[in-house]
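Below is one structure, written out as structure tokens, with a few remarks after it.
Computed from the coordinates by the stated procedures, all read-outs in this text should not be read as laboratory data. These numbers were taken from a predicted model, which means no experiment stands behind them. Here the Cβ is made from the backbone with ideal geometry for all residues, glycine too, and neighbour counts use every protein chain on show.
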Amino acid sequence: MRITLPHSENFSTVFETVTGQKLLHPILGITTDSRDVKEGDLYIALKGERVDGHSFLASVAKNGSSCALVSEPEINLDFQQVQVKDPQETIGQIANAWRRQFNIPVIGITGSNGKTSTKDLLVHVLQSSYDVHATQGNFNTTIGLPLTLLQLNDEHTVSILEMGASIPGEIEVLCEIAEPTHGIITNIAPAHLEGFGSIETIAHEKEALFRSLGKGVSFVNQADNRIVGMDIEGESITFGLTPDCDFPADIHQEEDGSLTLILDAHDIPTESQNLSFIKNIIAVSAIAVTLGVEWKNVINQIQSFSPPTGRCQVKQYNDVTVIDDTYNANLISSLAALDYLKAFSGNGRRIFVFGDMFELGPTSTDQHRQIGEKCTELGLDGVFTLGENTIHTDSAINNGIQHEHFENKNELIDSLKKLIHSGDKILFKGSRGMAMEKVIQGVFPA
């Protein structure tokens, strides 16, 4: 991870305040990866399970690093090394001191699914009224979020911070660093069970965002019972598909299959059949309107939004419709994507191409089987699975659906090329590590 620092002098002041040590040279960037070091960078030497960043101090010095934040300095190197107890904790403290310079709304977003898609839509909507600072890429961890905050500057009028966690306690740490003024938990689902063990532990972890908002605003998804049951100390604003919400919503399906959202008495034609996108719209609209964005601007921005690559993007390859939802996968998002495929308008076969879901721990077999049962329930025309875990998806499919399991991408690609024909609607999905976008590229070469 690396960022560029456009505010070197101010950073040096904050750094000295937190560490008690003066930087000898201006800092032009910050990196945690020795391979990304540029001249003038501050290098953060982190100790991981497999790699100790201190092993690369000689290399980063040679490549022009101005300084390294270390727990164990290497004496024979001729560049500044600032010794602290824990470099990761220290960069978090520096980021917190930096954040405290800004009196603007800071919105924390966490949840099991939809964090990034909600963040991306919220950024787009708020850009009509604010100068937006936001998480880029995967900078949503206890390492990445501090670097994100250090790019906040005087021009920004709102900050949107995605918060991810893979083990208990991380959301609390992120909130201590970011001090959010507003927060939303998109949903609670059995994701990252390897690190948490149970959905109850996941819910408690995500609830840390609301617990941090004693003087702030929590946006509460009324459609999620685990979120509704959370303790909220500050102000709460509710949204969902029930009339007793602060932002009540209803969904109407048009003749062409697209969905129109009626939200707080405002009609929002979406030209989308993606229910997950509709849910994101409800949440984002509640936040934007609360922050003072006019409804007409909210609606205009929603209608001009294009989802990022791999997030339920609809593409046409001649007469074949491809739904590219390859960015990631867990149980809830996969079930929602299958509903999206089934509801897609027009004739033609509905086909699902599915790669393994990761980080599910001992529930992996059951969750992959649930996907196969859903495919049977929906009566899809074809299901083709790839990997080690989706064998359980394949074995759960019956009802005469054409299905086949593959352990090799090239064999899957060759089979799909032979069976796909005009009019088909094909959903591609899998965890990030499965790189299912490469299957799309193999079947439909540019």
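Here the Karplus curve 6.51 cos²θ - 1.76 cosθ + 1.60, taken at θ = phi - 60°, turns the phi angles of the stretch 201-218 into couplings of 5, 4, 4, 5, 4, 5, 4, 4, 5, 5, 5, 7, 9, x, 10, x, 10, 9 Hz, with x standing for Gly and Pro. SER212 sits among other residues whose Cβ lies under 11 Å from its own Cβ, and their net charge, with Lys and Arg +1 and Asp and Glu -1, is -3.
Among the listed pairs LYS22/LYS115; LYS279/LYS429; LYS22/LYS206; LYS38/LYS429; LYS279/LYS409, a Cα-Cα separation exceeding 27 Å is found for LYS22/LYS115; LYS22/LYS206; LYS38/LYS429; LYS279/LYS409. Annotation for ASP244 and ARG100: the two label points, set 7 Å from Cα along the Cα-Cβ direction, are 4.1 nm apart.
Under 16 Å from a label point set 7 Å out along the Cα-to-Cβ vector of SER422, the amide N atoms of the stretch 332-350 belong to 347-349. The Kirkwood radius of the chain, taken over pairs of alpha-carbon atoms, gives through the Stokes-Einstein law at 25 °C and 0.890 mPa s a diffusion coefficient of 104 µm² s⁻¹.
For the stretch 173-189, the residues whose backbone nitrogen is under 19 Å from a point 7 Å from the Cα of HIS124, taken along Cα to Cβ, are 186.
Axis of helix 364-378 versus longest Cα principal axis of the chain: the two differ by about 40°, to the nearest ten degrees. Between the stretch 219-243 and the stretch 407-446, the alpha-carbon centres lie 39 Å apart. Here the chain is treated with +1 on each Lys and Arg Cβ and -1 on each Asp and Glu Cβ, and its dipole about the Cα centre works out to around 640 debye.
Within the listed set GLY169, GLY400, GLY48, the Gaussian network model of the chain (springs between alpha-carbon atoms below 10 Å) gives the highest mean-square fluctuation for GLY48. Ranked by how many other Cβ atoms sit within 10 Å of their own Cβ, fewest first, the residues ILE27, ILE227, ILE401 fall in the order ILE401, ILE27, ILE227.
Between the helical axis of 409-419 and the longest alpha-carbon principal axis of the chain there is an angle of about 30 degrees. How many percent of DSSP beta bridges within the chain run antiparallel, rounded to 5? Looking only at bridges with both residues in the chain, the antiparallel portion is about 25 percent.
Among TYR43, TYR130, the ranking by other beta carbons within 10 Å of each residue's beta carbon, starting with the fewest, stands as TYR130, TYR43.
Label 7 Å along Cα→Cβ of ASN153; the stretch 15-29 residues with amide nitrogen under 15 Å? Residues 27-29 fall inside that zone. Calculated mean residue ellipticity at 222 nm for the chain: -10000 deg cm²/dmol, from DSSP H runs with n ≥ 4 weighted as -39500 (n - 2.57), summed, divided by the residue count and rounded to 500. Subtracting the Cα-Cα distance of SER59 and THR19 from their residue separation scaled by 0.36 nm leaves 12.0 nm. Taking only the C-alpha atoms of the stretch 102-303, Rg followed by Dmax gives 16.2, 49 Å. Estimated at 0.36 nm per residue, the fully extended path between LEU335 and SER304 surpasses their Cα-Cα distance by 8.5 nm. Per-residue packing, averaged as other Cβ atoms within 10 Å, sorts the ranges 214-221, 373-380, 229-236 into the order 214-221, 373-380, 229-236, beginning with the highest.
For the chain, a Gaussian network of Cα nodes joined below 10 Å ranks HIS124, HIS156, HIS421 by mean-square fluctuation, and the top entry is HIS421.
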